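All remarks here apply to the structure that follows.
The values are calculated or read from the model by the stated rules, or taken from the named source; none is laboratory data. Computed from a prediction, not measured in an experiment: that's the story for all the values here. Neighbour counts run over all protein chains shown; Cβ positions are idealised from the backbone, glycine included. Ligands, DNA and RNA are excluded from the accessible area calculation, which covers all protein heavy atoms including side chains. Shrake-Rupley method; radii C 1.70, N 1.55, O 1.52, S 1.80 Å.
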Amino acid sequence: MATTVAFTVNGRSVNVAVAYEDTPLLAVLRNELRLMGTRFGCGLEQCGCCTVLIDGKPEKSCMRPLSAVAGRNVVTVEGLGTPDRPHPLQQAFLEEQAGQCGYCLSGILISAKALLDRNPSPTRAEIARALDDNLCRCGTHNRIMRAIEKAAMRMRAGVRA
Amino acid sequence: MTAPLPGILADNPQLDRWVVFMTPGKVAISTGRVEFGQGVLTAMAQLAAEELDVAVERVAIRSGDTDGAPNEGYTAGSQSMQAGGIALRQACAEAKALFLARAASALGCPAAELTVRDGRVLRNGMPTAHDYWSLAAAVSLATDATGAAARKAAADYTIVGSNAPRLDLPAKIFGQPIFIHDMVLDGMAHARVVRQPNRGATLASIDEAALRRIARSPVEFVREGNFLAIVGDDETAVEAAASAASDHVIWRGAEPPRALQQEAAWLLQRPSVDRVIGAPQPQSPPRGRQVFEATYSRPHLAHASIGPSCGLALYRDGHLTVWTHCQGVYPLRAALSRTLGLDPQRISVRHVQGPGCYGHNGADDAATDAAIIALRRPGRPVRVRWRRQEEFAHEPVAPAMVVKVRAVLDEAGNPADWTAEIWSGTHQGRPGGGANLLAAEALPNPPPVPAPTDVPESAGGGATRNAEPLYDIPQKRIIHHLVPEVPRRTSSLRGLGAMPNIFALECAMDELAERAGRDPVEYRLARLADPRGRRVIERAADMANWRPEAPRGTGRGKGLGFAQYKNRAAYAAVIVEVEVEESVRLLRAWCAADAGLVVNPDALINQLEGGIIQSASWVLKEQVRFDNDAAGPIDWDSYPVLRFSEVPEIDVQLVDAGTDVPLGAGEATAGPAAAAIGNAASRALGIRIRDLPLTRERIMAELLRQ
Ligand code: FES
Ligand code: FES
């Protein structure tokens, strides 16, 4: 039924009115809030394109009802950084040219951020495992992992997000 | 002296179709090539900047637009640098010559005294008052290229050959709305198509009331023959109705493909159109000669783009505008014109970036869906986005292929007569041949089924691509069986027949080397005169620290695969190290490639590496299966692909061939990587598996059998 859900997106409080509270978070981000950075890949919680942080944890947003994020804190790729103030991960992805079509990158950047928040010095194997829920069809995996290692190193050395 | 114009420039000779200096400080370039993550636009900007002597940052690119960009057909087959690049370079060289001639007459000096530095005209190295933009009003580029201007010599390049950062990447790293899925038009509706299960199935009934109840918010049904779409303002409502449609829409004559048809060997029993290419078939079977024969296969593969196909359309004032992520805007316009009965002049097709497609996937079809719906709703824009299930079940797939290699050996045991016999569906299902658009088959009066053809050898071949070994073998031929009736619509996937053919040919070379008791690297080098081919094999062997005496059957092993893509584009040698217990684990990969003149080495390495990883995924995991009552896989569980933990570290080196001719390279590594994995797995296991994919089930079955 028509309802309003209040939550936080990228540090901003929002009140979203939707016809039905089971509308997926991804649809709300893209269609209501016009945050297009979070991509639709499968709608089945299988590919990771739609990954966002919910209270700091990486979660897929394509099947998550909006009501489930009421009062919670959501971070999308737009909340990581901007071209003027890139997150160290984004800076490293730019430097390593870690992307081909780039459709998978938003979800991967979010999964990587969650990883570095809980483990500031992951090994390559740990990075890979943290990204196993994110598919990349173009085969950019190695560059992506290299970029994450680089960002981790810089963040350990004190470069701030 | 005038040189003949490069083909695409001869077709689109007017210079202002390619380059204009409208905005001060900027150069606007048009190209028919389109970006799908391969970095082509950045490479094009580098080429233009080089010829014009401006900084890359000044170049703005318009690409893939029937209202502006030149008609270059499809962006496919690693042709961009080879064909499109030369045309753009020539157009820029001619434009620059016109500007210098104008500056020379203004300055009263010979043009030979003038050069350009970042857009400014210098005379004998000293600044003048002129630059491209101050001269622009006096120089008309609405004139045809003549071939009179010389392109820069490779020795003078400063921008070509440098690692310019990709122009399209920042938007993708900062989550900007760059993809077609992110496009929102004023008043736009969302739509999903309820797909005809197969050609010939007819729509018997729809329970509209039930679907409206499920949608909860208002939706409308657009029906045209057997084409059915659900349209509405609320995407979630439209999606809900579409997901439930299978329970509330009844089709007559639905015939899903059968599980039997998912195996490549099924092709062998089918009627086919046959031909022989190359040396005539020997009259009598060779007497007393040893014959090696082995049959290899690859199943149907999906492009399985990470994002589903999407298209937008608006029909207003008698003009249809379509936004698409397809590979060729002009061919799509022509196909739409035929399908919809609209004059091409009344259709504009614009390219917008999409997720990687790797060939002909559902992009053209989604655009067609949008166009059909838009025509029924004048003035109201619509966005169609396919569902994941729809993408897997309805995109054109890569045809399954069977390749039988037969080598007759001479007295010394060297292959003297080589036959590659191939069974395959067509690799050419693109719009443009027949009006091969999915929805066209559902419309009233569907177009006749086009007679099957495949990509001609002059264009690199489809099923026959790379079937002829590059090795020095006196007699070589290809027997091609084109199987017209296959269970799914088939079309091009990265490299077309190159991957299965190189897999077969390079595995056969290893098998022959083994029979002869020779090392696979040495065996190949002994029958390869082409110095560029030799160089990449030697380099890769070096990189991988290849040891000829490596034992077989230890559970671990290295394998090599080599090819020159299309036997005329880039050379690549790939070595892979694997460990096999029950399944194949990739440990490391090395690649040496020679792509001739390289515009952007880092972007090229990215592509070569991507080709290896995608190929590894095909080889180890992928098969379009029909054993679940659907027309194929329905999700990423039924069509698994390689994940991060399964990707090996890869070392890629470019071999400098010292030439100024670029060789298409985007598809160069997939075949060699497939063969390298096959050969490495065989070395590790001590037995040969010739059918793909090399899944755990297949390996276990083979181990039990042998
Ligand atoms: S779109 Fe959510 S996991 Fe694929
Ligand atoms: S870069 Fe295309 S899917 Fe990852």
- Task: Report the net charge of residues surrounding B:Val641, where surrounding means a beta-carbon distance below 10 angstrom and charges are Lys +1, Arg +1, Asp -1, Glu -1.
- Result: +1
- Query: If only Cα atoms are counted, what is the Rg of the stretch B:584-706, and what is its Dmax, in Å?
  - Reply: 16.9, 55
- Item | Span from the the stretch A:137-157 Cα centroid across to the the stretch B:556-618 one, whole angstrom | 21
- Kindly report, to the nearest 10 Å², the accessible surface of B:His319 as traced by a 1.4 Å probe over protein heavy atoms only. 60
- Message: Just to make sure I understand: if all protein chains stay in place, what is the order of B:Ser492, B:Ser140 by accessible area at 1.4 Å, largest first?
- Response: B:Ser140, B:Ser492
- Task: Could you tell me the accessible area of B:Asp274 in Å² (1.4 Å probe, neighbours in place), rounded to the nearest ten?
- Result: 90
- Query: Rolling a 1.4 angstrom probe over the protein heavy atoms, how many square angstrom per residue are accessible across chain B?
  - Reply: 36
- Item | Angstrom value of the Kirkwood radius, inverse mean 1/r, which spans all Cα pairs in chain B | 27.0
- Carbon + sulfur, % of accessible area of the stretch A:3-79 - ligands and nucleic acids excluded, 1.4 Å: 45
- Under a point spin-label approximation (7 Å from Cα along Cα-to-Cβ), what is the B:Met126-B:Asp691 distance to one decimal in nm? 8.0
- Query: What total accessible surface area, summed over both chains, is buried at the interface between chains A and B, computed with a 1.4 Å probe and given in Å² to the nearest 100?
  - Reply: 4800
- Message: Report the Cα centroid-to-centroid distance between the stretch B:141-159 and the stretch A:77-117 in angstrom, as an integer.
- Response: 39
- Note on the structure: trypsin sites (Lys or Arg not before Pro) in the stretch B:225-314 lying in a DSSP loop, each with at most 10 other Cβ atoms within 10 Å of its Cβ, come to B:Arg287
- Task: Starting from the Cα of B:Ser243, move 7 Å in the Cα-to-Cβ direction to define the label point; list residues of the stretch A:49-80 whose amide nitrogen is under 20 Å from there.
- Result: A:49-52, A:59-70
- Query: Expressed in nm to one decimal, what extension gain is obtained for the pair B:Asp343 and B:Glu702 from 0.36 nm per residue of sequence separation less their Cα-Cα distance?
  - Reply: 123.5 nm
- Can you tell me the accessible area per residue over chain A, all protein chains present, probe 1.4 angstrom, in square angstrom? 38
- Task: Give me the compactness ratio for the stretch B:524-587, meaning the Cα radius of gyration over 2.2 N^0.38 Å.
- Result: 1.26
- Bins of 5 Å, starting at 0 and running to the largest distance - Cα pair percent for the stretch A:88-156: 3, 20, 35, 27, 11, 3, 0
- Item | Calculated FRET efficiency for the pair B:Arg289/A:Thr8, C-beta based, R₀ 60 Å, to 0.05 | 0.20
- Item | Summed side-chain charge close to B:Arg377 - residues other than B:Arg377 whose Cβ falls under 11 Å, Lys, Arg +1, Asp, Glu -1 | +2
- Over 26 Å between Cα atoms, which of B:Lys152/B:Lys172; B:Lys172/B:Lys566; A:Lys60/B:Lys172; A:Lys113/B:Lys26 qualify? B:Lys152/B:Lys172; B:Lys172/B:Lys566; A:Lys113/B:Lys26
- Give me the distance in nm between label points sitting 7 Å out from Cα along the Cα-to-Cβ direction at B:Arg213 and A:Ala19, one decimal. 1.7
- Message: If I stretch the segment between B:Asp629 and B:Thr146 completely, what's the gain in nm (0.36 nm per residue apart, minus their alpha carbon distance), one decimal?
- Response: 168.0 nm
- How do A:Leu35, B:Leu375, B:Leu528 rank by accessible surface area computed with a 1.4 Å probe, from largest to smallest? B:Leu375, A:Leu35, B:Leu528
- Query: On average, how much area does the Cα convex hull of the stretch A:3-79 cover when viewed from any direction, in nm²?
  - Reply: 4.2
- Message: Taking amide H atoms as placed 1.01 Å from N in the peptide plane, list the residues 5 or more away in sequence, or in a different chain, whose amide H sits under 5 Å from that of B:Ile61.
- Response: B:Ile29
- Note on the structure: Taking Lys and Arg as +1 and Asp and Glu as -1, residues besides A:Asp132 with C-beta under 15 Å from its C-beta add up to +2
- Item | Solvent-accessible ranking of A:Leu25, B:Leu100, largest area first, probe 1.4 Å | B:Leu100, A:Leu25
- Query: How would you classify the protein assembly as shown from its alpha-carbon gyration tensor, with a ≥ b ≥ c the square roots of the eigenvalues: rounded for a/c under 1.5, else prolate if a/b is greater than b/c, otherwise oblate?
  - Reply: rounded
- Query: If you stretched the chain out fully between B:Asn163 and B:Arg552, how much longer would it get, using 0.36 nm times the residue separation minus the C-alpha to C-alpha distance?
  - Reply: 135.9 nm
- Item | the stretch B:7-162, accessible surface, carbon-and-sulfur percent (1.4 angstrom probe) | 54
- Query: Taking the Cα atoms of the stretch B:7-162, what is the range of coordinates along each of the three principal axes, in descending order and whole Å?
  - Reply: 47, 31, 27
- Item | Pair B:Ala279, A:Arg129: separation of 7 Å Cα→Cβ label points (nm) | 5.5
